[in-house]
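Some notes on the structure that comes next.
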There are 2 protein chains.
Amino acid sequence: MQVGFIGLGIMGAPMAGHLIAGGHSLFLKSRRAVPEALLAAGGTACASAAEVAERSEVVVLMLPDTPDVEAVLFGEGGVAAGLSAGKTGASAGKTVIDMSSISPIATKDFARRIGELGGDYLDAPVSGGEVGAKNAALSIMVGGSQAAFARAEPLFRLMGKTITHVGESGAGQVAKVANQIIVALTIEAVAEGLLFAAKAGADPAKVREAITGGLATSRILELHGERMIARRFDPGFRIALHQKDLNLALEGARSLGLSLPATALAQQLFSACVANGLGGADHSALVRALEIAGNHQVAG
Amino acid sequence: MQVGFIGLGIMGAPMAGHLIAGGHSLFLKSRRAVPEALLAAGGTACASAAEVAERSEVVVLMLPDTPDVEAVLFGEGGVAAGLSAGKTGASAGKTVIDMSSISPIATKDFARRIGELGGDYLDAPVSGGEVGAKNAALSIMVGGSQAAFARAEPLFRLMGKTITHVGESGAGQVAKVANQIIVALTIEAVAEGLLFAAKAGADPAKVREAITGGLATSRILELHGERMIARRFDPGFRIALHQKDLNLALEGARSLGLSLPATALAQQLFSACVANGLGGADHSALVRALEIAGNHQVAG
């Protein structure tokens, strides 16, 4: 299949590589130069997003944030221009797959506008990070029509392990935001529990051992709890990125008329981390905000 | 072994039953009458906590709250009176095991006072609830000396599955409080995530499916997330009891000089639940406080 891929950073580059390895012809564009390895593997560099869209049946985006996606889709020389170039109906059957993590509300608008140009649109954000991207082990949460999902699924299978069609346009981004809410607040849960234990004079490692296996069990208690105890705060997933995701949650909550008090609190604690120079640290360093406030550490 | 057991409610009665089934001689006392089944199995009813202590080598307590434990230990006709009755040194080698969930700070004081009477003291709160008590599958978190723990461990093995010696006196209660903090805040995490998903128009069951297996994975997402979606709020573990446990956390935090902002928030949301008649509901009904505030439900 002729597949376009726009955004070849630490996530996009290995994902595009898996598509080439799966036998597809890739048309590539990135803010920076297209990585040599992808060209050597047979990928074709394009001059613009519009050219990518002209030459491809499916265009995948993997970009940092909502404004980046909007600019690449609808800006000058963007995907929309490429979809509508040439004869009438040229974009029919073309599918845009946005795998970035962006606003669910903006996503519904983007899907509508691409639809008006005759294209299909899937939002398909991922979780699993750089490791998941490299190992083709991402979780991919997809919003859009069943027909478009069915056409794109073979591509998703080359990049991810758990592929879920969550619902209509925007539902993938909604699932991703829900995921990021739950991850941040579970980190907060583990941080408050272990810090209480440490300040009350118990060994947090022993406490973690005692409660693992019961109701408190989580992937976060296992991974991030261990990082808090071992004082390993190198990313991982950076606090600055998690702040971006919680902003999507809080903006969404505001426009939906929804109260998410613990999400707002976690965002403030992340801000306290940034104020203390920890914006580039792993999100498990959320515990540092509590430690600084309580003048005590989980360990060390 | 001659084992005393004081407090034969929905947790204590099956736990005492397992000790009888394990071949021990049980001396029993409860606020209400001793259950017939325990007497039929060979247990002996005693008139007072003091009598239980006189006739036993080990005295187990399973009571609702800190003041109950203090009264049973040090009140008139209490365990302390039984430990110190008879000839000097009669209490030597006797061990008090408090399996209630109470204040870690009071626990250290109780252990010291029992120690002054020549007894050993273990704090050994449990998690796993009524089901865990009935199936002898409790997690037991133990604080106290290594020697006392070693003597009591065969009894713990009859009642529980995961037995952890966390540290010195109070460490078991500290671990239990940490557990309850983490459980409450993880419920809050799942509640905010699923409610966001529902209000943003996605199917929360599909969202839960999409994010299970990734970083958001927890026992709470599995069990309590399902309860929120299915609207099954029958306990389970009652909000009023979880409030008691968070009170221990917040009192501890205050006396230790520690800031636990999300624990304080969860406690307030539990209070909102109580104000709406949900004190007897399962703690997964924490989501109701958010639903009422946002005028929307996860499902139904």
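How about segment B:134-153: which of its residues are touching a residue at least 12 places away in the same chain (Cβ under 8 Å), farther than 20 Å from B:THR66 by Cβ and not aromatic (Phe, Trp, Tyr)? Break it down into steps so the answer makes sense when it comes.
To start, the set of residues in segment B:134-153 that are touching a residue at least 12 places away in the same chain (Cβ under 8 Å) comprises B:134, B:136-149, B:151-152.
Retained after the next criterion (residues that are farther than 20 Å from B:THR66 by Cβ): B:134, B:136-139, B:145-149, B:151-152.
Selection gives B:LYS134, B:ALA136, B:ALA137, B:LEU138, B:SER139, B:SER145, B:GLN146, B:ALA147, B:ALA148, B:ARG151, B:ALA152.
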* Asked: Would you pick out the residues in segment B:257-280 that are over 19 Å from A:ALA266 (Cβ atoms), touching a helix residue (DSSP H, G or I) at 6+ places or on another chain (Cβ under 6 Å) and in contact (Cβ under 8 Å) with a residue 24 or more places away in the chain?
  -> B:CYS273, B:LEU278, B:GLY279
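Could you list, in sequence order, the residues of segment A:24-33 that are outside any strand (DSSP E or B) and either surrounded by fewer than 16 Cβ atoms within 10 Å (Cβ to Cβ) or more than 21 Å from the chain's Cα centre (by Cα) (or both)?
A:HIS24, A:ARG31, A:ARG32, A:ALA33
Taking the options B:GLY129, B:GLY144, B:GLY170, name whichever one is at positive phi, in contact with a Lys or Arg (Cβ under 8 Å, 6 or more places away or on another chain) and surrounded by 17 or more Cβ atoms within 10 Å (Cβ to Cβ).
Selected residue: B:GLY170, the only one of B:GLY129, B:GLY144, B:GLY170 that is at positive phi, in contact with a Lys or Arg (Cβ under 8 Å, 6 or more places away or on another chain) and surrounded by 17 or more Cβ atoms within 10 Å (Cβ to Cβ).
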* **Whichever residue in segment B:217-235 is open to solvent by 60 Å² or more (accessible area, probe 1.4 Å) and of a type outside the set (Asp, Glu) and, among such residues, is nearest to the other protein chains (Cβ to nearest Cβ)** => B:ARG219
* Tell me which residues, restricted to segment B:170-216, are under 10 Å from A:ALA175 (Cβ atoms), outside any loop (DSSP other than H, G, I, E, B) and of a type in the set (A, V, I, L, M). => B:ALA197, B:VAL207, B:ALA210, B:ILE211
* For A:ALA71, are the conditions met, namely being within 22 Å of the chain's Cα centre (by Cα) and buried (at least 22 other Cβ atoms within 10 Å of the Cβ)? -> no
* Structure fact -> Within segment A:186-225, the count of residues that are touching a Ser or Thr at 6+ places or on another chain (Cβ under 9 Å) and acidic (Asp, Glu) comes to 3
* Structure fact -> Log entry, pairs with first residue in segment A:9-35 being under 19 Å from A:GLY82 (Cβ atoms) and free of Cβ contacts under 8 Å to residues at least 24 places away in the same chain, second being polar (S, T, N, Q) and open to solvent by 40 Å² or more (accessible area, probe 1.4 Å), beta carbons closer than 9 Å, six or more apart or on different chains, reads A:LEU26/A:GLN2; A:LEU26/A:THR44
* B:GLU36 over 24 Å from the mean Cα position of the chain (by Cα), assigned by TED's automatic domain parsing to the domain that holds B:ALA136 and surrounded by 22 or more Cβ atoms within 10 Å (Cβ to Cβ) -> no
* Structure fact -> Within segment A:171-200, the residues that are within 7 Å of another protein chain (Cβ to nearest Cβ) and not aliphatic (A, V, I, L, M) are A:ASN179, A:THR186, A:GLU188, A:GLU192, A:GLY193, A:PHE196, A:LYS199
* Residues B:LEU248, B:LEU258, B:LEU265: which one is facing chain A (nearest Cβ under 8 Å), in a helix (DSSP H, G or I) and of a type in the set (A, V, I, L, M, F, W, C)? -> B:LEU265
* To do: Could you grab the pairs with beta carbons closer than 7 Å, sequence gap of 6+ or different chains, first residue in segment A:41-67 and outside any loop (DSSP other than H, G, I, E, B), second one of a type in the set (Asp, Glu)?
  => A:LEU61/A:ASP98
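The values are calculated or read from the model by the stated rules, or taken from the named source; none is laboratory data. Because the structure is predicted, anything quoted here is derived from the model rather than measured. For neighbour counting, all protein chains shown are included, and Cβ atoms are generated from backbone atoms with ideal geometry for every residue, glycine included. Calculation scope for accessible area: heavy atoms of the full protein, side chains included, ligands and nucleic acids excluded. Shrake-Rupley method; radii C 1.70, N 1.55, O 1.52, S 1.80 Å.
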